[in-house]
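Written below as structure tokens is the structure these notes are about.
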Amino acid sequence: SIGSEIVRQLLNGNPKKIVLYEISEINLYSIQSEVDAIKRTTANNTHVVGLLGDVKNQQRVKEIVTNHQIDIIYHAAAYKHVPIVEYFENITEGVRNNILGTQVICDVADECHVNKVVVISSDKAVRPTNIMGASKRLAEMVVQSKNATSANTKFCMVRFGNVINS
């Protein structure tokens, strides 16, 4: 996933700490195992913490940002597989995750004075033709709005096309 690739790239910079926040236990286990293997074969001394949770859980997100004194958030917790998100029984969850999850991340970051938030978006948000693309575009609008009003945090986003494994 894009989040996993961001972690791989961050490790190259040997940051003090990386906090992995993932709703899926198996995905968290997978990236933690890979990070441990990378650290064993390099001189990397980054402290990596793996935490389970949902980006829509504002209390949990705030607890983590506060406890770990987060400086930068890379928010890549969006649904990206159009056929799954577009299935009529999944639409509400897709919208909630993509828009409300982004809103929670942005609100907590601003409240906790995080330096920067980078939201990973999708090329499907350019001229949305489906619900998934529209939800990503609305999430981008949340980021833009927050950036225009925040005195504490710099908010930005980047659009990725051809998402890995999608």
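The values are calculated or read from the model by the stated rules, or taken from the named source; none is laboratory data. Everything numeric in this text was worked out from a predicted model, so none of it was measured. Every residue, glycine among them, receives a Cβ derived from its backbone with ideal geometry; neighbour counts consider all protein chains shown.
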Notebook entry, point to check: Among the residues of segment 70-87, how many are part of a helix (DSSP H, G or I) and of a type in the set (D, E, K, R)?
Noted result: 1
Checklist line | Residue among Ile70, Ile91, Ile84, Ile99 that is among the β-branched types (Val, Ile, Thr) and in contact with a strand residue (DSSP E or B) (Cβ under 8 Å, 6 or more places away or on another chain) | finding: Ile70
Next item on the list: Check whether at least one residue in segment 41-57 is polar (S, T, N, Q) and crowded, with 16+ Cβ neighbours inside 10 Å, and report yes or no.
Entry: yes
Notebook entry, point to check: Within segment 49-69, which residues are assigned to a loop (DSSP other than H, G, I, E, B) and under 15 Å from Glu22 (Cβ atoms)?
Noted result: Gly53, Asp54, Val55, Lys56, Asn57, His68
Next item on the list: Consider only pairs whose beta carbons are under 7 Å apart and that are at least six residues apart or on different chains; among these, list those whose first residue lies in segment 1-28 and is loosely packed, with under 13 Cβ neighbours inside 10 Å and whose second residue is of a type outside the set (Val, Ile, Thr) and not in a loop (DSSP other than H, G, I, E, B).
Entry: Lys16/His47; Lys17/His47; Glu25/Leu52
Notebook entry, point to check: Any idea which residue in segment 78-137 is modelled with the highest pLDDT, counting only those that are hydroxyl-bearing (Ser, Thr, Tyr) and touching an Asp or Glu at 6+ places or on another chain (Cβ under 8 Å)?
Noted result: Ser121
